[in-house]
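Below you'll find the structure, written out as structure tokens, and then a few comments.
Derivation of every value follows stated rules applied to the coordinates shown; laboratory data play no part. All figures in this text were calculated on a predicted structure; none of them were measured in a lab. Note that each Cβ is placed from the backbone with ideal geometry, even for glycine, and that neighbours are counted across all protein chains shown.
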Amino acid sequence: MTYEIELKFPIPDLTVVRDWLRGANGQMLEIVDQRDDYFQHPSRDFRETGEALRLRHEGAASWITYKGPVLDRAVKTRREIELPLGETARSGPAWTELLQLLGFQPVASVRKRRESWQVLWEGEPMTIALDDVQGVGTYVEFERIATDDTRDLARQAVLAAAHAAGLTTPESRSYLRMLLEARVVSG
């Protein structure tokens, strides 16, 4: 099984994290605009189960991702299955239509500009994303993908990297949840 191990932190000035990444010999990989379209399951409430189903669009490419319930809240750990859908600029709406025909309902779209970095941490690559999320704010995410055998090591590495960057107060809510809560407050 594959797990996403991540910690996310609000940060008003991404320059501070960029400086830390450069000092840690981080490599900037890319800057992309992403749109994540989230869907609600037809017979179980993902808000209650902690699951998520999304279509991610980045340029002409798309992925479908299932995220399982959170297994560890201190360092967000959850099962993740992500499948590429390939070049879907023309077929993107068809994937949404397919999901809706199967009973899934659109919830919201999260739009962000993501600056991806990679750092070699404790001998293994770690992805660090600097996100500017529309309607939510700016965040940094520390992430490792792990298996059953490497979950504990990945968890420790994510905690250590965040601590080394001087970040101590993680945000446990997803971008989707924060966006929906912000809409309720402003609406």
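The residue among Trp117, Leu153, Ala182 whose Cα reaches farthest toward the positive pole of the charge dipole of segment 29-187, with charges on the beta-carbon of Lys, Arg, Asp and Glu, is Ala182. Here the dipole of the chain is about 420 debye; that uses its Cα centre as origin and unit charges on the Cβ of Lys and Arg (positive) and Asp and Glu (negative). Please find the FRET efficiency linking Ala61 to Glu124, where r is the Cβ-Cβ separation and R0 is fixed at 30 Å, and quote it to the nearest 0.05. About 0.70, to the nearest 0.05.
Computed over the Cα atoms of segment 3-186, pair by distinct pair, the Kirkwood hydrodynamic radius stands at 17.3 angstrom.
Extension gain Ser43-Val70, at 0.36 nm per residue separation less the Cα-Cα distance, in nm? Spell out each step's value before the answer.
Working: separation 27, 0.36 × 27 = 9.72 nm, distance 1.94 nm.
Separation in residues times 0.36 nm, less the Cα-Cα distance, equals 7.8 nm.
The calculated FRET efficiency for Glu181 paired with Asn25, based on their beta-carbon distance and R0 = 30 Å, is about 0.20.
What is the list of residues in segment 1-29 whose amide nitrogen lies under 11 Å from a point 7 angstrom out from the Cα of Ile81, following Cα to Cβ? So the set is 2.
Take every pair of alpha-carbon atoms less than 8 Å apart whose residues are at least six positions apart; their mean separation over the length of the chain yields a relative contact order of 32 percent.
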